[in-house]
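So the structure is just underneath, and the comments pick up after that.
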Amino acid sequence: MRCLSLAAMLKSISDEIYFACLPQHGDAISLIRERGFAVYILTPPLVQMIPANDKDYRAWLQRSVKEDVADFIGIACDADLVVTDHYAIGAEWHKKLKSSIQCKVVAIDDLVREHDADIVIDQTLGRKPNAYHGASRLLAGPEYALLALPFARHHEDGLNRTGLSGRPRVLIYVGSGDVNNVTLKVLETLVGVIDAHFTVLVSKVAVHYTSIKSWAEGKANVEHLEFVDDMAELMLKNDISIGAAGTTSWERACVGLPSILIPVADNQVEICGQFVKAGAAKSVAMDAIQSQLVSAVRELLEEWDAYTAANLAICDGRGAYRALLEISCLMHAQDCAAVELVAATEDDIELVYRWQLAPETRKFALNPALPSWNEHKDWMNDKLKQNQNYFYIIRDKERASSSGVLRLDRQYTGTYLVSILVDPECHGRGIARSALSVADRIFPDFTLKAVVLEANRASQRLFENGGYQRLTNEEFSRKPLA
């Protein structure tokens, strides 16, 4: 699913996008084709390997790395960019690929494995920039979560959520790989004990589909769904969710859906721990469902506002936009932006204060009064805590230095006020122009507005040249680009 999200974005830079898949029971080949992408079918093995456990990733590959990459090269020998997303594909596979094909490689991972890739994307919450070796560029954290495009739009709806009202609605979705039948255990534990409406999402390819469907039939407060076109919309209709700690974790966070996470595989334990640490979820082990789940649901409902806010602060659904920006630069040097936007932290408060005190800054500030250190610190700390706004440090890529600030303050749904402050020592280098361009590529669907003093002719020209329409002597607006 995350590869489908990335592929949808890559359409803007390429007309030729293909998937290479090994046909297996429960594969997504039909779904990929339904989404409009051609599929190269890899050669199935004569004898199918059965994974010994959740970590037996080589068995997932069904053959040796040498055999697998050779099979791939045989059908994709003219690829310019190869994206890999498989726990058995790493540095060895990448090296063999690059020795045969002159291509760029993007690896999607969340287990901190060895890669020989130009870009590694790891959406894990709390992932450190230096976690990987063998990656020219690491895109780390939930801001790069590769969610379906509707999630970016529905994040705005999540920001509008105002609280619980009436009977709670609970979404249960553990995934089609629920071999331990966690879904049925959750239903049996909660239904009849918690007064709520339950929606359970289980498709026909799920191992325990028949037993779950049979159990749910005839229960007035249980709705069984096999498939939904818009997962984000379904999540917004519910108040809390119960599910595994996989990719869906970022989807739930994006729309502000508090969750009880049940790790169903070893590779989900870290994700689960990070969400609990962030105050965005509660965790219940598979063997503790009967003893702990009811109390966890009640606690989540009691503290719903806090959990919702914590989720919205984690992910905004724009990971595919940000990944596209990096991949475009990788493939076409002319698409490289001179700057990047990095989320500001408390460590940047003093630096931003120095810029705020500069005479050049105060001259055209909407509030020309000099802020005291305590006033600035309180103001910026408050801004950093607001999950509905964006506060970025503008980083000059060539000089590897912080060069200014770009802020997006939410006015109402889909409309943000943009503010730019550039380090006076960096004036004249096109920093602000490049920052606005990057904002356009990450937030093309927003309406962006700006207020610039009439005397500040340089900044007014900046917005006019950046595609903003003048509304008044001091107000500008840029309509959605997509």
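The values are calculated or read from the model by the stated rules, or taken from the named source; none is laboratory data. All values reported here derive from a predicted model rather than from experimental measurement. A quick note on method: Cβ atoms are made from the backbone with ideal geometry, for glycine too, and the neighbour counts reach across all protein chains shown.
Results, tabulated for the structure shown:
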item: Scope the stretch 166-200; condition part of a loop (DSSP other than H, G, I, E, B) and buried (at least 20 other Cβ atoms within 10 Å of the Cβ); matching residues; result: Val174, Asp178
item: Breaking point among (1) in contact with a Cys (Cβ under 8 Å, 6 or more places away or on another chain); (2) modelled with pLDDT under 95; (3) more than 29 Å from Val264 (Cα to Cα), for Leu46; result: (1)
item: Breaking point among (1) in contact with a Phe, Trp or Tyr (Cβ under 8 Å, 6 or more places away or on another chain); (2) in the same structural domain as Phe463 (by TED's automatic domain parsing); (3) modelled with pLDDT of 95 or more; (4) surrounded by 13 or more Cβ atoms within 10 Å (Cβ to Cβ), for Pro371; result: (3)
item: Segments classed as helices (runs of 4 or more DSSP H), wholly inside the stretch 48-165, with at least 1 members that are farther than 30 Å from Pro258 by Cβ; result: 57-61, 65-75, 91-100
item: Residue tally, condition assigned to a loop (DSSP other than H, G, I, E, B) and either under 16 Å from Val170 (Cα atoms) or without any contact (Cβ under 8 Å) to a residue 12 or more places away in the chain (or both), over the stretch 201-225; result: 6
item: Residue list for the stretch 422-435, filter: touching a helix residue (DSSP H, G or I) at 6+ places or on another chain (Cβ under 7 Å), in a helix (DSSP H, G or I) and closer than 19 Å to Val352 by Cβ; result: Pro424, Ala432
item: Sole exception among (1) within 21 Å of Cys426 (Cβ to Cβ); (2) exposed (fewer than 13 other Cβ atoms within 10 Å of the Cβ) for Val352, by number; result: (2)
item: Matching helices (runs of 4 or more DSSP H) fully within the stretch 311-390 where at least 2 residues are within 30 Å of Pro258 (Cα to Cα) and in contact with an Asp or Glu (Cβ under 8 Å, 6 or more places away or on another chain); result: 319-331, 373-385
item: Close pairs (7 angstrom Cβ cut-off, 6 or more residues apart or separate chains): not assigned by TED's automatic domain parsing to the domain that holds Glu251 in the stretch 5-24, among the charged types (D, E, K, R) anywhere; result: Ile17/Lys11; Cys21/Asp27
item: Unique match (being in a helix (DSSP H, G or I) and over 21 Å from Pro150 (Cα atoms)) among Glu454, Glu398, Glu464; result: Glu464
item: Residue check, Ala148 under 14 Å from Met235 (Cβ atoms) and touching a residue at least 12 places away in the same chain (Cβ under 8 Å); result: yes
